[in-house]
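What follows is a single structure, written as C-alpha coordinates, with notes after it.
The values are calculated or read from the model by the stated rules, or taken from the named source; none is laboratory data. The structure displayed is predicted, hence computed values, not measured ones. A quick note on method: Cβ atoms are made from the backbone with ideal geometry, for glycine too, and the neighbour counts reach across all protein chains shown.
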Amino acid sequence: MPGLDRQLVEHKLPIKDGYLPVKQARRRMSMDTELKVKEEIERLLKAGFIRPAIYADWLANIVPVLKRKTGAVRICVDYRNLNEASPKDEYPMPMADMLIDGAAHDQMLSFMDGNAGKIQPFSSLLRLKQEQTFKWEEQHQQAFQEIKHYLSNPPVLSPPKRGRPLKLYVSASEVSIGSLLAQDNEEGKEQAVYYLSRTLTEVERRYSAIERLCLALYFTAVKLRHYMLPHTIYIIAKTDLIKYMLTRPMLRGRIGKWTLALTEFTFRYVPQKAVKGQAVADFLADHPGEEIENMDSLDIANANLLTRAHVCLNNPIYLIQLTPWKLYFNGSKTDKASGAGVVLEEPLGVRHCYSFQLDF
(Lines give C-alpha, C1' and ligand atoms only; values in the text may rest on other atoms or scores of the structure.)
Protein backbone atom coordinates (compact mmCIF):
# COMPACT_ATOMS: atom_id res chain seq x y z
CA MET A 1 0.00 0.00 0.00
CA PRO A 2 1.35 3.48 -0.86
CA GLY A 3 2.86 5.28 2.11
CA LEU A 4 3.16 2.18 4.33
CA ASP A 5 6.24 0.10 5.02
CA ARG A 6 6.04 -3.43 3.61
CA GLN A 7 7.21 -4.77 6.95
CA LEU A 8 4.11 -3.24 8.56
CA VAL A 9 1.47 -4.41 6.10
CA GLU A 10 1.55 -6.11 2.71
CA HIS A 11 -1.14 -7.52 0.50
CA LYS A 12 -0.49 -10.84 -1.25
CA LEU A 13 -2.58 -13.17 -3.38
CA PRO A 14 -1.97 -16.83 -2.50
CA ILE A 15 -1.65 -19.16 -5.50
CA LYS A 16 -2.13 -22.93 -5.49
CA ASP A 17 0.94 -25.08 -6.03
CA GLY A 18 1.46 -26.17 -9.62
CA TYR A 19 -0.34 -23.22 -11.27
CA LEU A 20 1.67 -21.17 -13.73
CA PRO A 21 1.02 -17.46 -14.41
CA VAL A 22 -1.39 -16.82 -17.28
CA LYS A 23 -1.10 -13.94 -19.75
CA GLN A 24 -4.35 -13.59 -21.63
CA ALA A 25 -4.33 -12.68 -25.31
CA ARG A 26 -5.38 -9.15 -26.20
CA ARG A 27 -9.02 -8.69 -27.09
CA ARG A 28 -10.18 -6.69 -30.07
CA MET A 29 -12.58 -3.79 -29.58
CA SER A 30 -14.07 -1.08 -31.74
CA MET A 31 -12.39 2.33 -32.16
CA ASP A 32 -15.12 4.15 -30.24
CA THR A 33 -14.91 1.72 -27.35
CA GLU A 34 -11.11 1.86 -27.31
CA LEU A 35 -11.14 5.67 -27.03
CA LYS A 36 -13.58 5.52 -24.12
CA VAL A 37 -11.43 2.87 -22.41
CA LYS A 38 -8.31 5.05 -22.74
CA GLU A 39 -10.15 8.03 -21.25
CA GLU A 40 -11.32 5.94 -18.32
CA ILE A 41 -7.79 4.56 -17.73
CA GLU A 42 -6.33 8.08 -17.72
CA ARG A 43 -8.96 9.17 -15.23
CA LEU A 44 -8.11 6.27 -12.91
CA LEU A 45 -4.38 7.03 -13.23
CA LYS A 46 -4.87 10.67 -12.26
CA ALA A 47 -6.99 9.62 -9.31
CA GLY A 48 -4.25 7.26 -8.10
CA PHE A 49 -6.58 4.28 -8.21
CA ILE A 50 -4.28 2.29 -10.54
CA ARG A 51 -0.58 2.36 -11.42
CA PRO A 52 1.52 1.00 -14.31
CA ALA A 53 2.96 -2.52 -13.92
CA ILE A 54 6.23 -3.50 -15.60
CA TYR A 55 7.11 -7.12 -16.43
CA ALA A 56 3.92 -8.47 -14.87
CA ASP A 57 3.65 -12.24 -14.46
CA TRP A 58 -0.15 -12.24 -14.62
CA LEU A 59 -1.93 -10.37 -17.40
CA ALA A 60 -5.73 -10.10 -17.51
CA ASN A 61 -7.82 -8.50 -20.20
CA ILE A 62 -9.92 -5.39 -19.81
CA VAL A 63 -13.62 -6.04 -20.27
CA PRO A 64 -15.45 -2.79 -21.14
CA VAL A 65 -19.05 -2.53 -19.98
CA LEU A 66 -21.13 0.16 -21.66
CA LYS A 67 -23.73 1.99 -19.57
CA ARG A 68 -26.90 2.34 -21.61
CA LYS A 69 -28.20 5.51 -20.04
CA THR A 70 -25.05 7.66 -20.07
CA GLY A 71 -22.98 5.88 -22.74
CA ALA A 72 -19.96 5.83 -20.42
CA VAL A 73 -17.62 2.87 -20.11
CA ARG A 74 -17.07 0.88 -16.96
CA ILE A 75 -13.79 -1.03 -16.93
CA CYS A 76 -13.83 -4.58 -15.57
CA VAL A 77 -11.09 -7.20 -15.50
CA ASP A 78 -11.31 -10.87 -16.48
CA TYR A 79 -10.04 -12.64 -13.35
CA ARG A 80 -11.24 -16.15 -14.25
CA ASN A 81 -7.73 -17.61 -14.56
CA LEU A 82 -6.62 -15.99 -11.31
CA ASN A 83 -9.74 -17.19 -9.48
CA GLU A 84 -9.09 -20.74 -10.65
CA ALA A 85 -5.51 -20.59 -9.33
CA SER A 86 -6.50 -19.03 -5.98
CA PRO A 87 -7.42 -21.27 -3.03
CA LYS A 88 -11.02 -21.23 -1.94
CA ASP A 89 -12.08 -19.20 1.06
CA GLU A 90 -12.64 -21.34 4.15
CA TYR A 91 -15.30 -18.93 5.42
CA PRO A 92 -18.40 -19.18 3.20
CA MET A 93 -20.93 -16.40 2.90
CA PRO A 94 -23.55 -16.52 5.66
CA MET A 95 -27.05 -17.65 4.77
CA ALA A 96 -29.73 -14.98 4.65
CA ASP A 97 -32.14 -17.04 6.79
CA MET A 98 -29.56 -17.39 9.56
CA LEU A 99 -28.83 -13.64 9.47
CA ILE A 100 -32.53 -12.88 9.87
CA ASP A 101 -32.80 -15.28 12.83
CA GLY A 102 -29.71 -13.73 14.41
CA ALA A 103 -31.32 -10.29 14.25
CA ALA A 104 -34.43 -11.46 16.11
CA HIS A 105 -35.28 -9.73 19.41
CA ASP A 106 -32.77 -6.92 18.71
CA GLN A 107 -34.01 -3.43 19.48
CA MET A 108 -31.91 -1.66 16.85
CA LEU A 109 -30.98 -2.73 13.32
CA SER A 110 -29.13 -0.61 10.76
CA PHE A 111 -30.54 -2.11 7.57
CA MET A 112 -31.70 -5.41 6.12
CA ASP A 113 -32.53 -6.14 2.51
CA GLY A 114 -35.43 -8.39 1.70
CA ASN A 115 -34.35 -11.97 0.99
CA ALA A 116 -37.00 -13.00 -1.55
CA GLY A 117 -40.70 -12.66 -2.13
CA LYS A 118 -43.37 -13.49 -4.67
CA ILE A 119 -46.86 -12.05 -4.76
CA GLN A 120 -49.36 -13.69 -7.06
CA PRO A 121 -50.98 -10.54 -8.62
CA PHE A 122 -47.54 -9.16 -9.61
CA SER A 123 -46.27 -12.36 -11.25
CA SER A 124 -47.67 -11.56 -14.67
CA LEU A 125 -46.34 -7.98 -14.53
CA LEU A 126 -42.81 -9.10 -13.79
CA ARG A 127 -42.73 -11.31 -16.90
CA LEU A 128 -43.73 -8.65 -19.42
CA LYS A 129 -41.95 -8.58 -22.77
CA GLN A 130 -40.63 -5.43 -24.40
CA GLU A 131 -43.54 -5.11 -26.83
CA GLN A 132 -46.13 -5.43 -24.05
CA THR A 133 -47.45 -2.43 -22.12
CA PHE A 134 -47.41 -2.13 -18.35
CA LYS A 135 -50.91 -2.02 -16.84
CA TRP A 136 -51.52 -1.28 -13.16
CA GLU A 137 -55.02 -2.51 -12.45
CA GLU A 138 -57.22 -2.49 -9.39
CA GLN A 139 -56.17 -5.96 -8.22
CA HIS A 140 -52.51 -4.88 -8.25
CA GLN A 141 -53.25 -1.74 -6.22
CA GLN A 142 -55.29 -3.77 -3.74
CA ALA A 143 -52.48 -6.32 -3.35
CA PHE A 144 -49.97 -3.49 -2.84
CA GLN A 145 -52.09 -1.95 -0.10
CA GLU A 146 -52.49 -5.32 1.60
CA ILE A 147 -48.71 -5.82 1.56
CA LYS A 148 -48.16 -2.39 3.13
CA HIS A 149 -50.71 -3.13 5.84
CA TYR A 150 -49.29 -6.59 6.54
CA LEU A 151 -45.65 -5.44 6.78
CA SER A 152 -46.53 -2.62 9.17
CA ASN A 153 -48.67 -4.68 11.58
CA PRO A 154 -48.28 -7.89 13.59
CA PRO A 155 -47.90 -10.86 13.50
CA VAL A 156 -44.12 -10.74 13.57
CA LEU A 157 -42.00 -13.74 12.61
CA SER A 158 -40.25 -15.37 15.56
CA PRO A 159 -37.35 -17.88 15.53
CA PRO A 160 -38.19 -21.44 16.63
CA LYS A 161 -37.41 -22.58 20.17
CA ARG A 162 -35.65 -25.87 20.83
CA GLY A 163 -37.55 -28.65 22.51
CA ARG A 164 -40.95 -27.64 21.15
CA PRO A 165 -42.73 -29.16 18.15
CA LEU A 166 -43.50 -27.17 15.04
CA LYS A 167 -46.75 -26.88 13.12
CA LEU A 168 -46.75 -26.96 9.33
CA TYR A 169 -49.82 -25.76 7.42
CA VAL A 170 -49.80 -26.90 3.79
CA SER A 171 -52.10 -25.70 1.02
CA ALA A 172 -52.22 -25.93 -2.78
CA SER A 173 -54.36 -24.43 -5.49
CA GLU A 174 -54.42 -24.81 -9.25
CA VAL A 175 -51.74 -22.14 -9.79
CA SER A 176 -49.75 -21.92 -6.54
CA ILE A 177 -48.62 -23.75 -3.42
CA GLY A 178 -47.92 -22.34 0.01
CA SER A 179 -47.04 -23.29 3.56
CA LEU A 180 -46.82 -21.76 7.00
CA LEU A 181 -44.40 -22.96 9.69
CA ALA A 182 -45.54 -22.00 13.19
CA GLN A 183 -44.82 -22.76 16.85
CA ASP A 184 -46.60 -22.20 20.15
CA ASN A 185 -44.88 -19.82 22.60
CA GLU A 186 -44.71 -20.03 26.39
CA GLU A 187 -48.26 -18.71 26.68
CA GLY A 188 -49.60 -21.28 24.23
CA LYS A 189 -50.17 -18.68 21.53
CA GLU A 190 -49.29 -19.66 18.00
CA GLN A 191 -46.57 -17.58 16.30
CA ALA A 192 -45.45 -17.71 12.69
CA VAL A 193 -41.89 -18.83 12.00
CA TYR A 194 -41.75 -18.75 8.21
CA TYR A 195 -44.03 -18.25 5.20
CA LEU A 196 -43.41 -19.90 1.84
CA SER A 197 -45.27 -19.76 -1.46
CA ARG A 198 -44.56 -19.98 -5.16
CA THR A 199 -46.42 -20.34 -8.44
CA LEU A 200 -46.62 -23.66 -10.23
CA THR A 201 -45.08 -24.40 -13.60
CA GLU A 202 -47.13 -25.56 -16.55
CA VAL A 203 -46.20 -29.19 -15.85
CA GLU A 204 -46.93 -28.94 -12.12
CA ARG A 205 -50.39 -27.51 -12.79
CA ARG A 206 -51.33 -30.84 -14.37
CA TYR A 207 -50.65 -32.68 -11.11
CA SER A 208 -53.61 -34.02 -9.18
CA ALA A 209 -54.79 -32.22 -6.04
CA ILE A 210 -53.08 -34.69 -3.70
CA GLU A 211 -49.82 -34.50 -5.68
CA ARG A 212 -49.80 -30.70 -5.44
CA LEU A 213 -50.12 -31.00 -1.66
CA CYS A 214 -47.20 -33.46 -1.62
CA LEU A 215 -45.22 -31.01 -3.74
CA ALA A 216 -45.93 -28.25 -1.22
CA LEU A 217 -44.65 -30.49 1.59
CA TYR A 218 -41.50 -31.38 -0.37
CA PHE A 219 -40.88 -27.75 -1.33
CA THR A 220 -41.18 -26.65 2.30
CA ALA A 221 -38.90 -29.44 3.57
CA VAL A 222 -36.15 -28.47 1.11
CA LYS A 223 -36.33 -24.75 1.87
CA LEU A 224 -36.70 -25.01 5.67
CA ARG A 225 -34.60 -28.12 6.33
CA HIS A 226 -32.42 -26.37 8.93
CA TYR A 227 -35.56 -25.38 10.86
CA MET A 228 -37.38 -28.70 10.71
CA LEU A 229 -34.67 -31.29 11.37
CA PRO A 230 -34.30 -30.78 15.16
CA HIS A 231 -38.07 -30.70 15.79
CA THR A 232 -41.12 -32.90 15.52
CA ILE A 233 -43.33 -31.51 12.75
CA TYR A 234 -47.12 -31.71 12.97
CA ILE A 235 -48.53 -31.50 9.43
CA ILE A 236 -51.93 -29.81 9.31
CA ALA A 237 -53.70 -30.36 6.01
CA LYS A 238 -56.90 -31.68 4.50
CA THR A 239 -55.28 -35.00 3.60
CA ASP A 240 -52.92 -37.37 5.37
CA LEU A 241 -49.91 -36.79 3.13
CA ILE A 242 -47.66 -39.08 5.17
CA LYS A 243 -50.01 -42.02 4.67
CA TYR A 244 -50.31 -41.31 0.96
CA MET A 245 -46.56 -41.05 0.34
CA LEU A 246 -45.24 -43.77 2.65
CA THR A 247 -47.75 -46.51 1.80
CA ARG A 248 -47.04 -46.68 -1.92
CA PRO A 249 -46.39 -50.24 -3.16
CA MET A 250 -43.26 -49.08 -5.01
CA LEU A 251 -41.30 -45.84 -4.64
CA ARG A 252 -40.74 -44.48 -8.12
CA GLY A 253 -41.28 -41.29 -10.05
CA ARG A 254 -41.68 -37.94 -8.37
CA ILE A 255 -43.58 -39.37 -5.39
CA GLY A 256 -40.68 -41.75 -4.69
CA LYS A 257 -38.19 -38.89 -4.94
CA TRP A 258 -40.17 -36.76 -2.52
CA THR A 259 -40.68 -39.65 -0.09
CA LEU A 260 -36.97 -40.46 0.10
CA ALA A 261 -36.19 -36.79 0.75
CA LEU A 262 -38.68 -36.68 3.66
CA THR A 263 -37.46 -39.80 5.48
CA GLU A 264 -34.98 -37.79 7.60
CA PHE A 265 -37.76 -35.73 9.21
CA THR A 266 -40.10 -36.61 12.09
CA PHE A 267 -43.63 -35.97 10.84
CA ARG A 268 -46.99 -36.36 12.57
CA TYR A 269 -50.32 -35.77 10.84
CA VAL A 270 -53.06 -33.70 12.49
CA PRO A 271 -56.47 -33.46 10.75
CA GLN A 272 -57.39 -29.92 9.88
CA LYS A 273 -60.80 -30.23 11.58
CA ALA A 274 -59.07 -30.91 14.92
CA VAL A 275 -57.21 -27.57 14.85
CA LYS A 276 -58.91 -24.53 16.33
CA GLY A 277 -57.96 -20.92 15.70
CA GLN A 278 -57.86 -18.37 12.95
CA ALA A 279 -54.42 -19.30 11.60
CA VAL A 280 -55.74 -22.07 9.34
CA ALA A 281 -58.61 -19.97 7.99
CA ASP A 282 -56.43 -16.93 7.29
CA PHE A 283 -53.73 -18.96 5.59
CA LEU A 284 -55.94 -21.19 3.45
CA ALA A 285 -58.06 -18.22 2.41
CA ASP A 286 -55.02 -16.83 0.59
CA HIS A 287 -54.49 -20.18 -1.17
CA PRO A 288 -57.94 -21.59 -2.05
CA GLY A 289 -57.90 -25.09 -3.47
CA GLU A 290 -60.21 -27.88 -4.48
CA GLU A 291 -62.15 -29.63 -1.77
CA ILE A 292 -60.49 -32.93 -0.92
CA GLU A 293 -62.55 -35.35 1.10
CA ASN A 294 -61.15 -37.04 4.20
CA MET A 295 -58.98 -39.87 2.92
CA ASP A 296 -58.60 -41.74 6.21
CA SER A 297 -60.78 -44.53 4.82
CA LEU A 298 -59.41 -44.23 1.29
CA ASP A 299 -57.13 -47.00 0.12
CA ILE A 300 -54.09 -45.00 -0.89
CA ALA A 301 -52.73 -47.83 -3.00
CA ASN A 302 -55.89 -47.72 -5.11
CA ALA A 303 -55.71 -43.96 -5.72
CA ASN A 304 -54.61 -44.59 -9.30
CA LEU A 305 -58.01 -46.18 -9.97
CA LEU A 306 -59.50 -42.71 -9.82
CA THR A 307 -57.08 -41.55 -12.50
CA ARG A 308 -57.98 -44.44 -14.79
CA ALA A 309 -61.65 -43.54 -14.34
CA HIS A 310 -60.85 -39.94 -15.38
CA VAL A 311 -62.58 -38.45 -12.35
CA CYS A 312 -62.59 -34.65 -12.56
CA LEU A 313 -60.89 -32.79 -9.71
CA ASN A 314 -63.91 -30.57 -9.25
CA ASN A 315 -66.04 -33.58 -8.32
CA PRO A 316 -65.80 -35.11 -4.84
CA ILE A 317 -63.45 -38.06 -4.41
CA TYR A 318 -65.44 -41.17 -3.54
CA LEU A 319 -64.37 -43.33 -0.64
CA ILE A 320 -63.07 -46.84 -1.32
CA GLN A 321 -63.14 -49.69 1.14
CA LEU A 322 -59.77 -50.50 2.65
CA THR A 323 -58.78 -53.75 0.91
CA PRO A 324 -55.26 -55.21 1.09
CA TRP A 325 -53.19 -56.08 -1.97
CA LYS A 326 -51.82 -59.59 -2.53
CA LEU A 327 -48.12 -60.30 -3.05
CA TYR A 328 -46.76 -63.46 -4.73
CA PHE A 329 -43.02 -64.08 -4.70
CA ASN A 330 -40.77 -66.79 -6.10
CA GLY A 331 -37.13 -67.22 -7.08
CA SER A 332 -34.94 -69.43 -9.25
CA LYS A 333 -31.24 -70.17 -9.59
CA THR A 334 -29.08 -71.81 -12.25
CA ASP A 335 -25.36 -72.27 -12.85
CA LYS A 336 -25.19 -69.04 -14.84
CA ALA A 337 -27.54 -66.63 -13.05
CA SER A 338 -30.32 -66.26 -10.51
CA GLY A 339 -33.53 -64.25 -10.47
CA ALA A 340 -36.71 -63.40 -8.66
CA GLY A 341 -40.30 -62.78 -9.68
CA VAL A 342 -42.90 -60.63 -7.94
CA VAL A 343 -46.62 -60.39 -8.71
CA LEU A 344 -48.78 -57.68 -7.11
CA GLU A 345 -52.54 -58.21 -7.36
CA GLU A 346 -54.95 -55.32 -6.79
CA PRO A 347 -58.30 -55.86 -5.04
CA LEU A 348 -60.04 -55.57 -8.43
CA GLY A 349 -57.91 -58.36 -9.87
CA VAL A 350 -55.41 -56.29 -11.86
CA ARG A 351 -51.95 -57.86 -11.67
CA HIS A 352 -48.54 -56.16 -11.89
CA CYS A 353 -45.73 -58.56 -12.74
CA TYR A 354 -42.05 -57.78 -12.17
CA SER A 355 -38.95 -59.89 -12.73
CA PHE A 356 -35.40 -59.17 -11.59
CA GLN A 357 -32.07 -60.72 -12.50
CA LEU A 358 -29.72 -60.93 -9.53
CA ASP A 359 -25.99 -60.31 -9.86
CA PHE A 360 -24.86 -62.89 -7.31
Checklist entry - more than 30 Å from Y354 (Cβ to Cβ), part of a strand (DSSP E or B), at pLDDT below 85 and in contact with a Phe, Trp or Tyr (Cβ under 7 Å, 6 or more places away or on another chain), is that true of V280? => result no
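On the basis of being at pLDDT 70 or above, over 26 Å from P159 (Cβ atoms), touching a strand residue (DSSP E or B) at 6+ places or on another chain (Cβ under 9 Å) and basic (K, R), does K223 make the cut? Full working, then the answer.
On the way: at pLDDT 70 or above: yes; over 26 Å from P159 (Cβ atoms): no; touching a strand residue (DSSP E or B) at 6+ places or on another chain (Cβ under 9 Å): yes; basic (K, R): yes.
Judged against the criteria, K223 is not a match.
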Item to check | Residues being within 19 Å of W58 (Cβ to Cβ), touching a residue at least 40 places away in the same chain (Cβ under 8 Å), of a type outside the set (G, A, S) and surrounded by 13 or more Cβ atoms within 10 Å (Cβ to Cβ) - total across the range 69-90 | outcome: 3
Item to check | Meets criteria (over 34 Å from the mean Cα position of the chain (by Cα), part of a loop (DSSP other than H, G, I, E, B), at pLDDT 60 or above and loosely packed, with under 15 Cβ neighbours inside 10 Å) for G349 | outcome: yes
Checklist entry - In this structure, is G188 over 21 Å from M228 (Cβ atoms), assigned by TED's automatic domain parsing to the domain that holds T266 and not acidic (D, E)? => result yes
Checklist outcome for this item: Those residues of the range 34-60 which are over 16 Å from Y79 (Cα atoms), among the charged types (D, E, K, R) and not in a helix (DSSP H, G or I) amount to R51
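Just to be sure I understand, how many residues within the range 174-189 are assigned to a strand (DSSP E or B) and either over 25 Å from the mean Cα position of the chain (by Cα) or over 19 Å from C214 (Cβ atoms) (or both)?
To start, the set of residues in the range 174-189 that are assigned to a strand (DSSP E or B) comprises 176-184.
Filter again for either over 25 Å from the mean Cα position of the chain (by Cα) or over 19 Å from C214 (Cβ atoms) (or both), leaving 182-184.
Adding up the residues that qualify gives 3.
So is R164 part of a loop (DSSP other than H, G, I, E, B), at pLDDT 85 or above, over 19 Å from D240 (Cβ atoms) and touching a strand residue (DSSP E or B) at 6+ places or on another chain (Cβ under 8 Å) or not?
Details: part of a loop (DSSP other than H, G, I, E, B): yes; at pLDDT 85 or above: yes; over 19 Å from D240 (Cβ atoms): yes; touching a strand residue (DSSP E or B) at 6+ places or on another chain (Cβ under 8 Å): yes.
The answer is yes for R164.
If you go through the range 329-343 one residue at a time, do you hit one that is closer than 27 Å to Y207 by Cβ, at pLDDT 80 or above and either surrounded by fewer than 13 Cβ atoms within 10 Å (Cβ to Cβ) or in contact with a Leu (Cβ under 8 Å, 6 or more places away or on another chain) (or both)?
Keep residues of the range 329-343 that are closer than 27 Å to Y207 by Cβ, which gives none.
Checking the range 329-343: not a single residue is closer than 27 Å to Y207 by Cβ, at pLDDT 80 or above and either surrounded by fewer than 13 Cβ atoms within 10 Å (Cβ to Cβ) or in contact with a Leu (Cβ under 8 Å, 6 or more places away or on another chain) (or both).
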Next on the checklist: I'd like to know if the range 26-46 contains one or more residues that are small (G, A, S) and over 26 Å from S86 (Cα atoms).
Outcome noted: yes
Checklist entry - Which residues, taken from the range 14-33, are more than 14 Å from V77 (Cβ to Cβ), under 40 Å from the mean Cα position of the chain (by Cα) and of a type in the set (K, R)? => result K16
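Which one is surrounded by the most Cβ atoms within 10 Å (Cβ to Cβ), of the residues in the range 190-210 that are of a type in the set (V, I, T) and either touching a Pro at 6+ places or on another chain (Cβ under 9 Å) or not in a loop (DSSP other than H, G, I, E, B) (or both)?
Residue satisfying both the conditions and the ranking: I210.
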Item to check | Identity of the residue in the range 211-233, within 12 Å of I177 (Cα to Cα) and either aliphatic (A, V, I, L, M) or in contact (Cβ under 8 Å) with a residue 60 or more places away in the chain (or both), that ends up surrounded by the fewest Cβ atoms within 10 Å (Cβ to Cβ) | outcome: L215
Next on the checklist: Looking at (1) modelled with pLDDT under 80; (2) over 17 Å from the mean Cα position of the chain (by Cα), which one does N115 not meet, given that it meets all the others?
Outcome noted: (2)
